[in-house]
Structures are given as structure tokens and as C-alpha cells.
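Please read the structure below before turning to the comments.
The values are calculated or read from the model by the stated rules, or taken from the named source; none is laboratory data. This structure is a prediction, so every number in the text was calculated from the model and none was measured. Ideal geometry is used to build each Cβ from the backbone, glycine not excepted, and the neighbour counts take in all protein chains shown. The accessibility values were calculated without ligands, DNA or RNA, using every heavy atom of the protein model including side chains. Shrake-Rupley method; radii C 1.70, N 1.55, O 1.52, S 1.80 Å.
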Amino acid sequence: MAANLGLFSDPSPPPPISGHVPSSRRRPSHDRISFAPDSSHSASSPSALGVPARHGSRAESERLAASQRDLPDEDARLVVVGDAPGTAEAAARLGLGVGPAGNAVRTGKYSVLSFLPRNLFEQFHRVAYVYFLVIAVLNQLPQLAVFGRGASLLPLSFVLLVTALKDAYEDLRRHRSDRFENNRTAHALFPSPSNAEFLPTLWKDLRVGDVVRVVANETLPADIALLSTSDPTGVAYVQTMNLDGESNLKTRYAKQETLSWAADPGRISGVIRCERPNRNIYGFNANLEIDSRRVSLGPSNIVLRGCELKNTAWAVGVVVYAGSETKVMLNSSGAPSKKSRLENHMNRETILLSLILIAMCSIVCILSGVWLGTHNGELELMQFFRKRDYSGGDERNYNYYGLGMQVFFIFLMAVIVFQIMIPISLYISMELVRLGQAYFMIRDTNLYDENSNSRFQCRALNINEDLGQIKYVFSDKTGTLTENKMEFQCTSIRGVDYRGRRGPLVGDTASQSIRVRDEIWVPKISVRTDPELVRLLRNDGETKEGKNARDFFLALAACNTIVPIVIETSDPSRRLIDYQGESPDEQALVYAAAAYGFVLVERTSGHIVIDVLGNRQRFDVLGLHEFDSDRKRMSVIIGCPDKTVKLFVKGADSSMFGVINRSISSDVIHATKTHLHNYSSLGLRTLVVGVRELNQKDFEEWQLAYERASTALVGRGGLLKAVAASIETNLEILGASGIEDRLQQGVPEAIESLRQAGIKVWVLTGDKQETAISIGYSCRLLTGEMTQIVINSYSRESCRKSLEEAIAMCSKLRTISPSAPNDRVALALIIDGNSLVYILETDLEEELFKVATMCDVVLCCRVAPLQKAGIVALIKNRTDDMTLAIGDGANDVSMIQMADVGIGISGQEGRQAVMASDFAMGQFRFLVPLLLVHGHWNYQRMAYMILYNFYRNAVFVFVLFWYVLYTAFTLTTAITEWSSVLYSVIYTAVPTIVVGILDKDLSRRTLLKYPQLYGSGQREEKYNLKLFILIMMDTVWQSLAIYFIPFLAYRHSEIDGSSLGDLWILAVVILVNIHLALDVIRWNWITHASIWGSIVATVICVMVIDSLVILPGFWAIYHVLGTGSFWLCLLAIIVVGMIPHFAAKAVTEHFMPSDIQIARELEKFHNSDGANRSEIPLRTLMQQQQP
């Protein structure tokens, strides 16, 4: 043990590497670099005290707290190591769960037998489908049969078939993926009396309790607790990209008690008592019992299914969760479904249409009852109502059930005839339009991020149009407004600020390179250094100031979880050290330490190697407490080469100054606080670093408490936090650091554009207040003209008072210039997370809402993830305004899912935000074209398409209604049943879909130049109840023109009903398509083909239907097609029917123009470049041509 804490400073070349990991990225390890230990030690050293090389664990993080709960027997699982049958037997004997029989996974929803019933069950969750099913069933009854039985089933069958085929194709792909995954090969241990060996085994055949061996670059087949690795200290490196999208390597460890098992697999035995399967991918709580000893297992000892083993030759572990119980499978449910606002509003209009339908059916049945009562004596002689059947000799009732039943039947028959008043095709049309809109958003090069090589992702197709109605944007700061690429800028060491002069990039000198054998190793990223600080470290290292500076940078190099990875270069003698870790802040600090000569070379579970100014030294990691949001700091206990034991702590200033001994160097603390304020004012992220030298008693007390807490079965997480808090006291301040997180390109311009569009931008960040305010000014969120209202309170009453004063101030400032809203005083609310603790979910929420909505900008600092979601809910639950949340990290997931629209940034913090979002993109600035261009287009297209679908079906139904009034209310139709069926499917469906995808009211350039045009969607100008009523009035007029012009023209002629019906159906189709053509703004060849092609297709279909002898109305169209009256009627219908619509457009556009109409006129007369180009070029469909 003495050698473990010796001085490792011999710079002599190490022996040749004995092994090689098959990767271009190599991890520096003990078997690659030989360091000569100093065998001398003192009685006070940790080695002499019997201190093992490692006591730390990575399980103490706050994000793991959920798994560190109590573990009673009913929530536990027993795993017999190396004995899958024994695991199942033990579970059955003790009544504990063990899970499924195998490791096979199934993501497919259906089987061959279950597809039809389950798919139909899911589809009929839509109430409209149930409505049309009831209509089709009613039509099958002889008493109610209006259409042919087959024809009545066709529309619903078509919709169900298309959806079923889509679902079947998607599920087939899932089944293929499942088969590939389940038939992959792993190596499982097969014990035998003579020799245990690892043999190839299919993934689906693995069981809980099996011991598995994985080699480098292989994927883990199940959730595996590590037992041994190729590294002598038990460390393994894994990549979790398949799990959470993060590409940085993570460290996992095998316990020292099980490391020797790999040499003799036959000795592998033991029992693991762990928690039941759960979804927490960051937590694991278990104990391993071997040789009557209990060894604690935590998140750092488990590797999850889907992770890849990297930079580690092999690893051996035992399966604890398999198949559908693995954490990745339990987390595969996806984000919650959202519904667009237009679709919610559509329900209102659907109800109104239902009321119109009921009214029409009621009118028909009442008038029918009156007519039947009036002609009661004549019913014997009428075809449809005669009471007796005399053909067979026996008198019996025939096709008549009395007046009351007949009226009821008439009502149901009217519902069948007028059923398409509620358009069944609208749902499919909306899905197709959204799919087309998503295609163009994905292909938009203005939303493509070259830095990350990522395109825009549309992960939720059902809320595209909501992008055009956003009123509030809630944004994270780090990684969303900023690049999340941290750069070390300055430091304060023991009250001295080193941020004056900055030398050249260290990469241009040899000051930070180290020699390993015949190779030169250089950190991958260079950092500018302060020449004065460099001289202090190198020339005055023995002075008090020099020792303090060395301890500071030693803390930066040691107090982290960074893994150094060595990358090969084109020069065989030169290698790059790539520091990988979960935190960009830690990476920046370690690169800064390397720039000043403290180069982290190697990290294992028990020690780290740091090249200290050219002198390689080994430091034993005796304990590690990771960062958590309660303590807001992390610490590491290091055994130094000089036999001392030091505790290095770094964290937020708010938590660090509470554990620093203020009796020591109070002037240094005051100076450091001043420097921190200055750094924050510059927008820098700050951390405070402290140290404490531990004596033998302190260390032994911590060691005993830590071992007791880490093996506890109940409340392990809380005990570990308490141990960390107990040791992190009486610190001596070393200094502070300032790290710059640069703004992303175009962020200030984007925020200004959003503000001009009437969108309020709120920033919710975990940074301290000064940093957030500085970034607010940098990105133009805050301006010098704004009056800032700051709320920093530490009690409920203080919060209440601050809010009341804020409301009074806002009201006073608002009354200064009420008649000049453009000149009013701009307000900004700045509030911290501590105040929100006393406000959210209390009666003070309403006060906060009043203040926030009166302010132009809201900036929330030091907020927790759930507080972010609470702020979003504050607006979402109290207003009808649409909310959008945008973020890049796991701490933004709750906010993204709470908002109406959630956008994930593909940034440096993994893909948790992307996976939980509705849309994903690479930069914040893309929000401008996404909302102002695509959002505006999507909203106006979808709004028009919905209203147009209501209009076109209502016109057709009203024509049928007028005909019923003139045919003794018998509900016979002159229009053939097949034309009625094909009307919504073929005759008029395609044009509305094409226009919904391609039409544009304004060009991209105009929408970006005048952001105020976005207000059209916020004010719901394109879809509202007033427009619906006007369209219904226009519908009634057009139906009257369509019906009565031919009726009056042919009422005294010998034309039959079928010929008149063909004229009516052609008139309806031509009129609704011309109505659509009049509203189209940007024409292209696809729009022309769809509109005029639909009219031609209708004529062809009518001619084909009338050419079939088996169908009624044989040859009817040909009786009128060649007459002049037919064409005159069509012309008169078009002219008369379009008069109100044309007149309304002319009046509104010339006398009451909207902002959009004015902008359109500007485009016409100024003819800015590309203003009239279409979304689709005229020669190809595959290449988008933007304006």
C-alpha cells in the first residue's frame, strides 16, 4: 500500500506498450506509461493507516437521488451471479421479482392476429370515425337504405385502409429491427466442472444472472453490473450515445472485490440484491454479497443496454435487467402527444356543423310528417308509402310503419344523406398537408446547421401550424443562446486578479507539451495564459503565492470526472490529449490547468497522474463526491505524493462561501467576491475553489462514515449527501475562475426580430444573476432604456411585499403615457430561483403573473428544472396565448414538454432535450425563419384548408337539401350515389391538399423583413368564428345558385332527374375549384394540374358512371352535354355563385386591407427579387427553390 502513495516523478522513458486496444483513440493507462514510485512513506500517510486506494463512488450525484431510496423486500430483486436458473428459483422461493424469461425485446405494436382488431380499435378512438361508422351501419338497414350498401361503406373503408397500411408499414419496420437486435451475438459464461468458458449466445437467449463478456467497441446486450475489466484498477469506458445521445466517454467501475474473477471464471459467485426495474437511467441501488461480505453497488458499477465499450479491451459483468426490463426499453415511450390549437378550434366548428345537420334533418322530418298527414288518404297509391301489398293475395303492411315511425326513419335517412356535412376526408387531408409541410421544413437550407451537420427535425407532425401562433418563447441560456463551448478567460487566486494581459496561444509554445517515451503529447485545445501567472508558477513556486497558485491549478486538474483520451495524428511522434467529460465547464478548467503546466495524463478508479510543470506525479483518489443541486459543489479527496491528504472542493459561490472558514483571510474572501462580481458582469460563468488538508482523525471519521453510508440498505442517497456535507467544511479559499460561454451566431438579431413580431422572450437559466443580466444585454434582451424590477427574496412575506411593490410600480409607469403605447416605459422583471420557491404553487402565483405579463422581458436566474416548467405553466394555464420552450439539456426537458411547442437544440449537452421535443434544430437563430416564415405559412395554409373543407362539403349538402324540399321529402337524390361518395375523395380532395402544402401568401424575404406580419397568426385572423359564419353564408348562396339556376331552366323540360343531377355535381365541383383558384396566391404547375385536373377528372368519372348499364342514370350526362342550355347554366352558376365572394375580396382588399394584403401589394409593385417565385420550381418536384 505504501507504493500506492509514493512520489511518481521519474521522467525516464517507460517500457514498450505490452498491449494494444484496437482504436485510433488510446487511453493513457498504467500499462502504457511506467512511473517509478518513491518507496518512502511516513506513519501519517494514508498508506500507513491502511487506507485503500479508493473509497469514492460516482453515485452521489443529485440526478441519482431517485434511485437511492429505501429498498424494502417487496421492491427488491435477487440475482444469483452466474446462475440464471438459480436466480429464478431464488426469486420464486422468496417471492421476489426476476422479470421475463429472456432478453428478447419487442417494439412492434401488432402481431398477425392482433393487427386488425387492435388497429381498428385505435383508429376508432376518433369520434368522427365512430360517427361515420354509425352512418354506414344505419344505411345497411332496409328501412333506412339511401345509398347502396357498398357505396356507403367506401369512404370510411378508404380512410381506415390508408391509415392501416401506414401503420402496418411502420410496424413491419419495427419488427425487422427487433429481429436484428434479438439475433445479435454476445459471449455468455457456461460453467462446467472442468473449465468454465465464454461461448457465443444470441442476445434473446440471455437471462438475468448470466455472466457476459464484452470486448472493445461492442454494444452491451443488457443492463450489466460490472465484475471485472481489462484495466487492473477495474475501470471501463463506455459511450452512451445510443442511450442519451452524448458522445463523451463515461467511466464505469468494477469493484475491487470482484476484479480477480476474470482470471478464474469458475470462481464467479455471489448474490446481488438490487432494486426492481425502473426508468431512471442515472440510478442503480444494489448490494453484492460475497464470502459473507456486503459490497455496495451504485450507478458507476452498471452499464446499460445500448452503450458501447470504448478504450477498454474487455469487460465482464452479470445481467441484472434483461429484455423489456432494461432501462432503455422502459424509457422508450417517447414524449407526450400534443394537439394543435387549430384542431381544438375545429371541434367548435364541427359542433356547429353538427347542429346545422340536426336542424336540416329536423326540418326535413317535420315537413315530411306534415306532408304525410296532409296526404294520408293518398298513400295507398304511392310507390313509397302504400300501406297494403295486394300482389300475393294476402293483405299485409308494406313499407309503412305508421306516421310516427316514418318521421323517425326520415330523420335517420336525412342524417345519412347529409352525412358529409362533417368532412371525413379532412383528417387525412390534414395529415398529408402536415407531412408535406414537414418535408419542406426539413429540406430548408436556412435551417441547416453546418457546425453540427444537422438538419431541422420535425418530430411531431400534428402541431406544425402552432408555429404560426406563438406569443411567448421560454429559452434556456447555456447551450441555447450561447454555444456551450467554454473558454477559460481569467482567474482570481488568493485575492489577486489575473485577467490583465493575455499572452499568445499556448499551442504556439512548448510550455504545455509533455514527453511520453518518444512521443510528444499536447492538449487538443489551446488556452491563452497570463504571463505574470505563468512566471509565478514556474519561477516562484516555493513562495507562498506560488504554492497557492499551484494548489489552485492542481485542484482544477484533479477535482473533476474528466477522462483523458490520446488521439493519434498524422505525425507518428505527436499525440493529442482530448479531455472528455459530461460537463463543458470541467473540460475548460482542465484545459486551462494544462495550459499552465498541470496536464492531466491518466485517470483510473483509484488514482490520477498529472504532469506538474514537467514532473509526472501520481495522486491517489481516496474519495469523490460528485456535484448535486443541493450542495451545488463537488469534492475529491486526494492522497498527494508528499504523503498529505487534501480535500479539493469547487462549486457555485452561493454554496462555497457558506463552507469557507471566514476567520482565515477575510480580506481574500472580500477581494474574491469583488472579482466574482466583475466576472459575472462580463457575462462569465464563475466557480469558487477551496482546499482543506485532512489529518488522520478527520480522514478516518470520513472513511468510516462513507463506508457505512455506501453499504446502507435504507436511505443510502441521503446518507451519502450528509457525509459529503460533513467533510466539506472549514475550507480555505484558493480562488475563483471565469469561463466565457460565447453567444451563438445571430442571437441578438433573432431576439430583436422575435420582439418585433410581438413575441415575448423569457430567459430561464441556472446561472447567477449578474451573469444572466450581462448575457441579457449582450443578446439585446435587455436594453439601457428598460426599467428593471429585481426580486431577490428569502421568505414568503418578503416575496409578497416585493410583488405588491412591483405591481404598483408597473401600474404607475403604465399610466405615464397611456395614449402613446410606442413611447411607454419598457419593463424587465429579473427574479431568482430562491424567490420562486416561495411563489410557485402558492397564492403568490397570481401576483407574479400580473407582474410578468406587464413586463416586456422576464429573466429568471438560478432556477431548477421543475421551476422552469412552473414558469411555463404560469402563462399556459392562465392565458390563451401559445407558448414555446427551447433548450438543449436534460434540465430543459420538463419545460419543453410543458409548453405548447417544444424545441430541442442539438448541442453539447447530449440529446435528451431533442428526444423530448416536438422539433429539433442546431441554432437558436433558426427560430426566426421557423416561426416567422414556416410557422406563418403553415398556419395560414392549414387555417384556409380547414375552412375550405367545411365550405366545399356544405355546398354539396345544401344542394341535396334543396332537392329534398322539392321531392316530397323522400330523401331521394338526383346525384348518383357514386358521385356522392367520390366527391370528397377524388373530385375535390387533391387541390386542397396541394394548396395546403405549396401556397404562400407572402415571400420569405417579406416575412423576414417585416416581422410584424407574424401577428396575423397571434390574432387568429385566418381562422375564427366570424370567418366560419361568413363562409357558411357564402355556402348557402352558392348552393342556391347551383340548385335553382338549373331547376328554373329545366323545370318545364323533359330532362330526367339523373341528367339534372349530373349538371349539379359538375357545377358544384367547378364552382368550389374556381373558388379555390380565386384564393390561390402563388401558382405553379402542380397547383394548376390539381385544380383543373380535378375538374377534368370529375367530368371523366361522371361520364364513366353514366356509361355503365348496371348503374342508375345510364347515359344521362350525354342527354344534356351537347345542349346549349347545359353550358349556359354552368356559366350562370359560376358568375352568380362567385359574386359575393369576389365582391367581398374586392371590398376588403381595396378599402379594408390587412397587413398581409398591404405587404402583398408591396411585393407586386416593388417586385423584390424572388417575390413571386413558388415553393416548387416548374421543372422538378424534388428541388426546393426558396424565394
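Some observations on this one:
- Distances between placed amide hydrogens fall under 5 Å for Q580 paired with V563, I565, all partners being 5 or more residues away or on another chain.
- In loop segments of the range 750-807 as defined by DSSP, the chymotrypsin sites (Phe, Trp or Tyr not before Pro) with at most 14 further C-beta atoms inside 10 Å of their C-beta are Y794.
- Cα centroid separation - the range 445-474 against the range 246-287, whole Å: 40
- The alpha carbon gyration tensor of the range 1114-1161 gives principal lengths a ≥ b ≥ c with a/c of 1.5 or higher and a/b greater than b/c, which makes the shape prolate.
- A simple rule links phi to the HN-Hα coupling: the Karplus curve 6.51 cos²θ - 1.76 cosθ + 1.60 with θ = phi - 60°, which for the range 848-853 gives 4, 4, 4, 5, 5, 6 Hz, with x for Gly and Pro.
- Whole-Hz ³J(HN,Hα) from phi, Karplus 6.51 cos²θ - 1.76 cosθ + 1.60, for the range 869-876, glycine and proline x: 5, x, 5, 4, 5, 4, 7, 4
- Dipole axis of the range 643-800 (+1 Lys, Arg; -1 Asp, Glu on Cβ), positive-most option in A712, S665, S654: A712
- Dipole check for the range 111-184: with +1 at the C-beta of Lys and Arg, -1 at the C-beta of Asp and Glu, and the Cα centre as origin, the magnitude is about 140 Debye.
- Measuring with a 1.4 angstrom probe and ignoring ligands and nucleic acids, H625 comes out at about 0 Å² accessible.
- Ranked by solvent-accessible area (1.4 Å probe, protein heavy atoms only, all chains present), the residues R941, R207, R1005 order from largest to smallest as R1005, R207, R941.
- Cross-link pairs beyond the 29 Å C-alpha cut-off, checked among K760/K1145; K477/K1000; K109/K204; K250/K485; K339/K1000; K338/K1022: K760/K1145; K477/K1000
- Calculated FRET value between K697 and H670, using beta carbons and R₀ = 41 Å, to 0.05: 0.85
- Cβ-Cβ FRET estimate between L355 and L1040, R0 fixed at 30 Å, reported to 0.05: 0.90
- Take 180-189, 880-889, 408-417 and order them by the average number of nearby Cβ atoms within 10 Å per residue, most first; the result is 880-889, 408-417, 180-189.
- Accessible area (Å², 1.4 Å probe, nearest 10) - M1152: 130
- Shape class for the range 1058-1100: oblate, because the ratio a/c of the largest to smallest gyration tensor axis (alpha-carbon atoms, square roots of eigenvalues) is 1.5 or more and b/c is at least a/b.
- Cleavage-rule hits, chymotrypsin sites (Phe, Trp or Tyr not before Pro), the range 886-972, DSSP coil, Cβ neighbours within 10 Å at most 12: Y966
- Distance from the C-alpha centroid of the range 295-330 to that of the range 779-793: 48 Å, rounded to the whole angstrom.
- Across the range 1130-1145, rounded Karplus estimates of 3J(HN,Hα) from the backbone phi angles (6.51 cos²θ - 1.76 cosθ + 1.60, θ = phi - 60°) give 4, 5, 5, 4, 4, 5, 5, x, 8, 4, x, 5, 5, 5, 5, 5 Hz, Gly and Pro being marked x.
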